[in-house]
Amino acid sequence: MNLDGRRITIILIVGVIGIIYAIRLLFLQVINDEWKNQGVALTEKEVIVYPSRGLIYDRKGRLLVTNQTVYDLMVLPKDVKPFDTLAFCKLVNLSIDELRSGLLKAISWPNVKYKPSPLIKQITPPEYARISEELYKYPGFFGTPRTLRIYPQSIGALLLGDVAEIDKGELEKKPDYRRGDYIGKSGIEKAYENELRGTRGVKYVFRDNLGIERNVAEGKLDVAAVEGTDLIATIDAELQRFGEELMVNKRGCIVAIEPKTGEILALVSAPTYDPNLLVGRARGNNFRALNLDKQKPLFNRATQAQYRPGSIFKLAQSATALQLGIITPQTRIVCNRGIIGCHGSHSNDDLEMAIVHSCNPYFRGVMQRVVEADRDKTSRFKDARIGLDIWQGYIKRFGFGSNLGTDIPNVKTGLVPGVAYYDKWYGEFQWAFSTIYSLSIGEGEMLVTPLQMANMACLIANRGYFISPHTVKQIGIGGRPRDEYLVRYDSGIDTAHFTTIINAMEKVVGPGGTAGRAKLKDIVICGKTGTVQNEPKEDHAVFVCFAPKDDPKIAMAVYVENAGFGGTWAAPIASMMIEKYLNDTVSNVSEKKRILEANFLDR
């Protein structure tokens with residue numbers, strides 16, 4: 001081969017080798033992410049910066065929910081070098097099995113070679129200070145700050161809610177969250193998650209060939225985390241605390257609302273618990289213990305318990321009949337105890353005194369006139385269908401059978417049975433008023449929640465309208481509530497029709513009334529007692545009210561399960577709550593002592 005031939009051969013060989021290297025470099029650097037990711041990982045580390053969650057204050061500026069810095073101990077498996085596992089376990093207070101399990105879990109994460117994952121979560125600052133001094137001995141392990149919720153008042157557990165790590169089901173519905181993020185699980189924390197959560201930031205850290213870390217581009221590429229929005233809650237912390245004290249050793253609830261605004265002043269479900277129990281590394285064990293407690297402290301009786309309304313429902317029956325023109329305030333109905341039982345010495349009341357005496361035959365007669373109004377003269381079954389439809393429409397406008405548009409998650413709606421319900425139960429044209437008359441006195445199939453009963457008290461206090469009960473007064477300090485909590489819902493009942501009802505409610509709390517224990521010297525309370533049947537156990541004691549009569553500032557529903565008569569237990573609790581809120585005192589010390597010492601948990 002001559003010189004030119006050898007030169008061409010060499011050039012071809014070099015060219016082919018160059019092409020091979022170029023193709024390989026293209027594959028490694030452009031097509032195959034593995035080496036690209038490894039190269040980045042050797043020099044840069046993306047560190048998530050978690051925002052502080054928004055704070056929550058009560059209506060008077062008292063701090064209800066705040067944050068405490070904690071640390072997650074992270075592991076980046078590709079950086080881990082052989083280390084003294086016994087010494088490490090002693091340092092971080094893990095067993096060998098726990099360490100092994102944690103590392104196996106870490107290497108199961110996506111992009112495990114380049115992404116850190118948590119080994120130990122929610123380490124307190126003192127614990128982390130001790131650990132961090134020794135972490136330099138263990139490459140691949142480092143701490144990341146997080147914030148943990150703290151409840152300094154230790155009240156309102158179910159109202160405020162709690163925060164925990166997002167689960168798989170939530171992740172599927174919320175793609176903007178990541179595994180390991182925390183999310184509101186209940187109460188205000190859940191309802192206002194978007195406002196409270198803030199926005200994650202990111203910090204880029206460069207690691208040189210000596211292992212020294214520094215900010216990339218002097219931090220110019222970093223994205224700052226945005227703190228969550230602070231909230232002003234509607235509740236009064238001291239009123240909430242007092243309500244929880246009164247309900248110790250009792251099952252039941254207290255719902256207090258400002259009628260003019262729909263702002264919830266207190267929402268007590270008893271038994272309750274310290275919300276700090278569901279914070280930090282002890283959350284899992286504490287949640288299991290609370291969940292297994294036979295008294296069901298995790299069950300929100302104020303919003304999820306569904307009871308028959310009992311005698312208190314006669315207030316809504318009265319307003320409906322007056323609006324329909326079926327009765328007038330002067331209408332008298334004989335107390336015929338041969339058709340339905342009653343109590344007391346009355347015999348032929350008008351509407352006002354029928355409410356005061358809670359006369360069952362009177363209100364049976366009232367509802368019969370509503371349902372059987374001879375609107376269809378061909379059949380009493382058809383007539384009853386028309387009448388019940390009209391009745392149901394008015395009752396639903398009181399907020400019954402709905403979630404009231406509240407911002408409280410997972411509320412129950414209760415039941416206002418109508419034509420479809422009874423057709424399904426008895427068959428079409430197989431029922432009439434005689435089949436369903438128990439509805440007239442708040443029994444039968446009708447179901448309500450305490451929140452709905454407190455809302456009814458607001459509607460009566462406002463003489464015909466309500467605003468959806470809600471828990472947040474301001475989104476952002478100096479802000480406003482959500483727009484829907486500025487809207488009035490009209491009952492369709494003329495203001496004038498509430499005069500008789502309210503006068504009767506005043507007499508219920510007056511001398512000789514069924515709620516005489518609730519009477520206060522300088523505050524006029526309007527209320528109605530109820531005793532909800534609960535066979536075979538003791539009945540539930542119930543009381544709804546508002547005060548003062550002429551310029552209502554607070555409306556309330558109180559339920560004490562298995563306590564018996566509403567006037568004996570529920571009414572005095574409501575009275576003390578009203579006095580505490582309006583006057584910041586409780587004058588009847590002996591009555592307070594009687595309530596505090598009462599125990600109905602074993603009934």
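The values are calculated or read from the model by the stated rules, or taken from the named source; none is laboratory data. Just so it is clear, the model here is predicted, and its values are computed rather than measured. For neighbour counting, all protein chains shown are included, and Cβ atoms are generated from backbone atoms with ideal geometry for every residue, glycine included.
Quick notes
- Filter pass, residue 154 being in a helix (DSSP H, G or I) and among the polar types (S, T, N, Q): no
- Subset of segment 532-579 [buried (at least 24 other Cβ atoms within 10 Å of the Cβ), part of a strand (DSSP E or B) and either touching a His at 6+ places or on another chain (Cβ under 8 Å) or not aliphatic (A, V, I, L, M) (or both)]: 540, 543, 545, 546, 559, 560
- Restricting the first member to segment 255-274 and to residues that are under 12 Å from residue 160 (Cα atoms), and the second to residues that are of a type in the set (Gly, Ala, Ser) and surrounded by fewer than 24 Cβ atoms within 10 Å (Cβ to Cβ), the beta-carbon pairs closer than 6 Å and six or more apart or on different chains are 274/154.
- The set of residues in segment 342-371 that are within 37 Å of the chain's Cα centre (by Cα) and farther than 28 Å from residue 386 by Cα comprises 356, 357.
- Set side by side, the residues 340, 355 differ, and just one is assigned by TED's automatic domain parsing to the domain that holds residue 318, touching a residue at least 60 places away in the same chain (Cβ under 8 Å) and either touching a strand residue (DSSP E or B) at 6+ places or on another chain (Cβ under 6 Å) or assigned to a loop (DSSP other than H, G, I, E, B) (or both), which is 340.
- Considered as a group, the residues in segment 137-172 that are among the charged types (D, E, K, R), farther than 23 Å from residue 99 by Cα and touching a residue at least 60 places away in the same chain (Cβ under 8 Å) include one that is surrounded by the fewest Cβ atoms within 10 Å (Cβ to Cβ), and that residue is 162.
- Scan segment 247-285 for residues that are more than 23 Å from residue 411 (Cβ to Cβ) and either of a type in the set (Phe, Trp, Tyr) or surrounded by 20 or more Cβ atoms within 10 Å (Cβ to Cβ) (or both) and the total you get is 1.
- All positions within segment 458-514 that are assigned to a loop (DSSP other than H, G, I, E, B), within 21 Å of residue 557 (Cβ to Cβ) and at pLDDT 95 or above: 462, 463, 464, 468, 469, 471, 491, 493, 509
- Lone unmet requirement of (1) closer than 22 Å to residue 602 by Cα; (2) more than 20 Å from the chain's Cα centre (by Cα); (3) surrounded by 18 or more Cβ atoms within 10 Å (Cβ to Cβ); (4) among the charged types (D, E, K, R) for residue 294: (3)
- When the criteria are applied in full, residue 325 meets the requirement of being closer than 17 Å to residue 492 by Cα and surrounded by fewer than 17 Cβ atoms within 10 Å (Cβ to Cβ).
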